[in-house]
Amino acid sequence: MKNGKLKAVIVGLGFGGAFVPIWRDHPDVGEVGVCELNPKLCARVAAEYGISLIYPSLDEVLADETVDAVHLVTAIPDHAEQTVRVLDAGKHCACTVPMATTMEGIQAIRSAVERSGKKYMMMETTLYTYQYLYVKRLLESGELGRVQFLRGSHYQDMENWPSYWAGLPPFWYGTHAIAPLVGLSGSRITAVSCLGSGTMRPELTRQYGNPFPIETAHFRFENGLAAEATRSLFETARTYQEGLFVYGSKKSFEWGFADGDKPYVTSLLPADEAARRPRGLPTPVEIIEDLPNDFSSLPEPLWRYTVGGDYDPTNPQLSLKKGAGGGHHGSHPHLVHEFVRSIVEDRAPAVDWSLAANITAAGILAHQSALLGGGWISLPG
């Protein structure tokens with residue numbers, strides 16, 4: 001670091017371009033560079049955000065000894081190999097999801113973290129959304145009671161996306177459905193059983209040997225909880241959604257038909273009060289009209305990135321109520337801030353290699369279970 005500030009490079013500007021201004025405006029970051037194989041896209045993003053430091057390749061990023069941290073926002077099949085290269089080059093590495101697509105890739109990243117002593121963080125958006133942070137507060141305050149069961153979902157149509165997506169096994173990219181379950185369980189997944197369903201046209205099955213457009217899995221946790229998740233990627237008619245359902249002994253949180261829907265909180269009456277009521281009365285349900293915006297946990301220059309374009313700097317909470325949320329339901333600035341502070345404070349990031357490995361391995365082994373007809377597979381310790 002130079003003068004106590006990081007020099008960071010964002011690699012991959014398709015989706016990664018959205019993170020450039022967040023890195024640029026973070027008070028602990030002194031210099032930001034960009035790297036993108038498409039020179040026109042690279043030039044456009046650099047010009048839009050006033051970035052003068054441009055790298056034509058990852059090789060040149062890694063050769064620059066002044067770079068402290070790299071944020072990979074690249075193709076899924078490349079994550080493990082590129083992450084290991086970044087760490088072995090002596091740079092901290094943040095990488096978009098998933099961590100890897102094989103168990104060997106996960107182990108390679110673990111070894112690189114231990115070998116290099118550098119920070120690794122999987123940038124899982126669903127652990128910092130408005131919805132997740134809201135139900136996390138319900139749990140921590142005791143309002144939810146004991147967690148009894150969890151359910152996640154991620155429905156998406158990847159038709160006509162870049163070629164590496166064609167036929168991708170659904171749970172290889174299952175982290176958005178799995179991560180909130182792990183985060184709210186207070187535990188780690190120990191075993192998974194999964195069924196694949198449906199069929200796809202032949203050209204979608206060739207790249208990965210995956211026959212399933214949709215997979216649904218059950219998970220066992222160390223603390224005795226169970227959870228389920230469903231993931232679809234192709235030829236399944238469904239509006240986009242990253243759903244989260246958390247069932248507690250006092251309250252439950254449900255969010256899961258369409259991405260713009262408002263969540264529901266259901267309250268269970270205490271046993272003595274329920275005994276005094278006539279049978280058949282509806283259970284109390286509250287629609288959460290306005291989810292809180294956790295902007296105050298961020299440095300002030302990042303507040304605007306928790307909301308969309310309709311931003312009022314004098315009242316970020318009102319901005320959230322008035323307009324669309326920021327990237328992935330406000331999660332992007334929280335991810336960058338957590339990774340940056342883990343480096344500055346020399347501590348493990350929230351989604352370090354260990355947590356990332358549990359979330360990612362659960363998805364990899366879910367697909368393996370589906371190919372084997374649904375048998376239970378234990379996760380490595």
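Computed from the coordinates by the stated procedures, all read-outs in this text should not be read as laboratory data. A quick note: this is a predicted structure, and the numbers were derived from the prediction, not measured. Using ideal geometry, Cβ is built from the backbone for each residue, glycine included, and neighbour counts are taken over all protein chains shown.
For the chain, the alpha-carbon coordinates run over 71, 54, 38 Å along the three principal axes, in decreasing order. Please determine, in degrees from 0 to 90 and to the nearest 10, the orientation of helix 353-371 with respect to the longest principal axis defined by the Cα atoms of the chain, where the helix direction is its Cα long axis. That works out to roughly 60 degrees.
Averaging 1/r over every pair of different alpha carbons in the range 259-311 and inverting the result gives a Kirkwood radius of 14.8 Å. The alpha carbon radius of gyration of the range 219-374, expressed as a multiple of 2.2 N^0.38 Å, is 1.34. Full extension of the chain between Tyr164 and Phe257 gives 30.7 nm of extra length, using 0.36 nm per residue less the Cα-Cα distance. Comparing Ala258, Ala226, Ala100 in a Gaussian network model of the chain where C-alpha atoms under 10 Å apart are linked, the largest mean-square fluctuation is found at Ala258. Simple spin-label estimate for Glu140 and Ser297 gives 0.5 nm between the two label positions (7 Å along the Cα-to-Cβ direction from each Cα).
Determine one quarter of the surface area of the Cα convex hull of the range 233-294, which equals its mean projected area, and express it in nm² to one decimal. Don't skip to the end; give the middle numbers.
Details: hull surface 26.4 nm².
Directional mean of the projected Cα hull area for the range 233-294 stands at 6.6 nm².
Put a dot 7 Å past the Cα of Leu41, heading toward its Cβ, do the same for Glu345, and the two dots end up 3.4 nm apart.
The angle between the Cα long axis of helix 130-141 and the longest principal axis of the Cα atoms of the chain comes to about 60 degrees, rounded to the nearest 10.
Residue separation times 0.36 nm, minus the C-alpha to C-alpha distance between Thr266 and Glu60: what's the value? Kindly include the intermediate steps, with their values, before the conclusion.
On the way: separation 206, 0.36 × 206 = 74.16 nm, distance 5.33 nm.
Result: 68.8 nm gained on full extension.
Relative contact order of the range 1-76, taken over Cα pairs closer than 8 Å and 6 or more residues apart, is 41 percent. Using Cα springs under 10 Å in a Gaussian network model of the chain, which residue among Arg341, Arg277, Arg188 shows the largest mean-square fluctuation? So, out of Arg341, Arg277, Arg188, the one fluctuating most is Arg277. Specify which residue in the list Gly243, Leu268, Asn223 is farthest towards the positive end of the charge dipole of the range 214-337, using unit charges on the beta carbon of Lys, Arg (+1) and Asp, Glu (-1), about the Cα centre. So the residue furthest toward the plus end is Leu268.
With the Cα gyration tensor of the range 41-133 in hand, convert its eigenvalues to equivalent ellipsoid semi-axes via √(5λ) and list them largest first in whole Å.
Numbers: eigenvalues 102, 76, 31 Å².
Each semi-axis is the square root of five times an eigenvalue, giving 23, 19, 12 Å.
For the range 54-101, just run the numbers: alpha carbon Rg, then divide by 2.2 N^0.38 Å, N being how many residues it has.
Working: Rg = 10.2 Å, N = 48, 2.2 N^0.38 = 9.6 Å.
Normalised Rg, Cα atoms only: 1.06.
Overall shape: prolate for the range 126-267, with the ratio a/c of the largest to smallest alpha carbon gyration tensor axis at 1.5 or above and a/b above b/c. Highest GNM mean-square fluctuation among Glu273, Glu124, Glu286, for the chain modelled with Cα contacts below 10 Å: Glu273. Taken along its principal axes, the alpha carbon cloud of the range 97-139 reaches lengths of 38, 23, 15 Å, longest axis first.
Only lysine pairs 8 or more places apart or on separate chains count here, and in the chain those with Cα atoms under 24 Å apart total 21. Axis angle, to the nearest 10 degrees, between helix 103-116 and the longest C-alpha principal axis of the chain: 50 degrees.
Where in the range 203-309 are there trypsin sites (Lys or Arg not before Pro) that are in a DSSP coil and have at most 13 other Cβ atoms within 10 angstrom of their Cβ?
Details: sites: Arg206, Arg220, Arg231, Arg238, Lys250, Lys251, Arg276, Arg279, Arg304; in loops: Arg206, Arg238, Lys250, Arg279.
The qualifying sites are Arg206, Arg279.
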